[in-house]
Every structure is written in structure tokens, then in C-alpha cells.
1. How far apart, in nm, are the 7 Å Cα→Cβ label points at LYS27 and ASN2?
2. Whole Å is fine, so just give me how far the alpha carbon centre of the range 3-38 lies from that of the range 175-205.
3. Tell me the mean residue ellipticity at 222 nm calculated for the chain from its helices only (DSSP H runs of n ≥ 4, each -39500 (n - 2.57), averaged over every residue, nearest 500).
4. Just to be sure I understand: if I project the alpha-carbon convex hull of the chain onto a plane and average over all orientations, what area do I get in nm²?
5. Work the Kirkwood hydrodynamic radius out for the range 143-202: mean of 1/r over every pair of different alpha-carbon atoms, inverted, in Å.
6. Counting DSSP beta bridges in the chain, what percent are antiparallel, to the nearest 5?
7. Please list the non-local residues whose amide H lies under 5 Å from the amide H of ARG77, H modeled 1.01 Å from N, same-chain partners needing a gap of 5 or more.
8. Gap in Å between the Cα centre of the range 65-113 and the Cα centre of the range 133-170?
Amino acid sequence: MNPWIDISQPLDNRIVVWPGDTPFSYKVTWSKEESGSVNVGQITMSTHTGTHIDAPFHFDNDGKRVIELDVNLYIGRARVIHLPKPSSIGIKELSGVELEGVTRLLIRTDAWTDRSVFPAAIPEIEPELAYYLGNKGIQLLGLDLPSVDPIDSKELSAHHELTRHGIHILEGLVLDHIDSGDYELAALPLSLVEADGSPVRAVLRRV
Ligand SMILES: Nc1ccccc1C(=O)C[C@H](N)C(=O)O
Ligand SMILES: [Zn+2]
Ligand SMILES: [Zn+2]
């Protein structure tokens with residue numbers, strides 16, 4: 001059996017977050033010396049930190065919360081494709097890609113080269129792609145980018161269009177070391193009842 005490969009960003013106090021969003025922090029709030037038995041920590045973070053999923057409530061007040069999302073979306077067969085540094089990702093870029101039978105698609109763009117700084121600009125997902133991918137049966141789209149829309153977008157057209165076509169969003173993957181091909185994916189969100197997003201531990205194993 002092939003080993004599982006980690007494709008998640010490490011969560012430490014240096015991780016970069018969306019400009020203006022809550023910085024990540026982990027600290028021991030009750031040390032072994034104080035408690036007499038254990039170290040107990042506390043995490044403060046935005047739900048959109050590092051490798052994470054978006055729930056529709058993130059961009060739609062009436063949209064689903066994390067706990068309402070089907071866990072089956074986030075575990076199972078996935079295809080990884082490599083589209084090196086595209087200026088945008090649309091139907092044209094995916095026209096040569098075989099998607100027969102694929103429900104989870106991960107796109108490696110290599111466009112966020114230095115993860116120690118938040119990118120000023122990223123390739124955008126053209127909203128028309130949502131119809132195309134939805135039609136092919138894609139239910140989960142993952143990217144090695146912090147968003148599926150341009151950083152300065154207020155409309156979040158790709159987020160809305162993907163959701164409208166039944167495609168769920170996985171952002172902030174680390175795919176630098178992953179070849180194109182077919183894998184098993186596990187990237188489960190936490191069972192957050194009210195949340196608009198959730199960090200995930202994303203892993204792949206070659207099939
Ligand atoms: N954290 C934020 C704070 C302010 C404005 C946007 C964001 C986002 O996270 C948007 C991004 N498209 C996302 O879904 O992860
Ligand atoms: Zn997000
Ligand atoms: Zn997003």
C-alpha cells in the first residue's frame with residue numbers, strides 16, 4: 001500500500017493569513033508546571049487559515065454551515081492535474097484534461113511560490129468553469145492557492161458559481177511535491193456546527 005503524503009500547510013505562529021484577518025496563534029495556557037499534570041493549549045485562528053474548506057455560509061448568509069457538508073465529499077478518489085502558473089483557469093486550460101469519472105479535482109498551479117508571504121495576485125478561476133466542471137460531475141475542487149477568486153474580489157463570482165453547480169471548495173493545498181495522477185484524498189473538516197469554513201489536514205495516497 002502506498003504511503004499517505006501530507007499536502008497541508010503547517011499551522012504555526014508564522015503562517016500567513018488573509019490581509020487583515022485574525023493571525024494564527026497557539027500557546028500553552030496551562031503548563032505542566034502550573035497544572036501539575038499536563039500542558040493544555042489554546043488555538044486562535046481564522047477559519048480560512050492555511051489548508052481549509054469553505055462552507056457556502058462564507059459567502060452566502062443562507063448557505064450551508066460546515067457541519068451540513070457531506071463528509072463523503074472530502075474522502076475518496078481524486079485526480080491531480082498540473083497547470084503551471086496560468087494567468088487564469090478556464091475551460092480553455094482544462095480542455096485537454098480527461099475528467100471522465102472524476103469527482104474530486106485538485107489543481108497544482110505553483111503560482112503561490114513563497115508561502116511565507118500572502119500573494120499579491122493569484123490566477124483566478126473563470127466563473128464559466130463552474131458550469132463545465134459541474135457538468136463533468138466534479139463535486140470538489142482543490143487548489144494550491146488561498147482563494148478561487150482574485151484577492152481583491154468582492155463579488156466572489158467563482159465561489160458563488162462553483163457552489164451553484166454543486167462544487168465544493170478546498171483552498172491552500174501544498175502540491176509542490178505532487179505529480180499529476182490519481183490518488184485517494186482525505187481532507188475532512190472539523191464538525192464545526194456554525195462555521196463558515198474549517199481547517200483540514202489534507203493527505204493523498206497514490207492509487
Ligand atoms: N479570510 C478572509 C477575510 C476577509 C475577506 C476574505 C477572506 C477570505 O478568506 C476569502 C477567501 N476567498 C477564502 O475563502 O478563503
Ligand atoms: Zn476560504
Ligand atoms: Zn474561498
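1. With each label point 7 Å from Cα toward Cβ, the separation is 4.3 nm.
2. 18 Å
3. -3000 deg cm²/dmol
4. Details: hull surface 51.6 nm².
Spelled out: convex hull of the Cα atoms, projected over all directions, averaged, 12.9 nm².
5. Working: mean 1/r = 0.0743 Å⁻¹.
13.5 Å is the Kirkwood radius here.
6. Details: 24 of 37 bridges.
Bridges in the chain that DSSP calls antiparallel: roughly 65 percent.
7. LEU185
8. That distance is 10 Å.
Rule-based calculations on the coordinates, nothing more; no lab input. These figures come from a predicted structure and were not determined experimentally. All Cβ positions, even for glycine, are placed from backbone atoms using ideal geometry, and neighbour counts span all protein chains on display.
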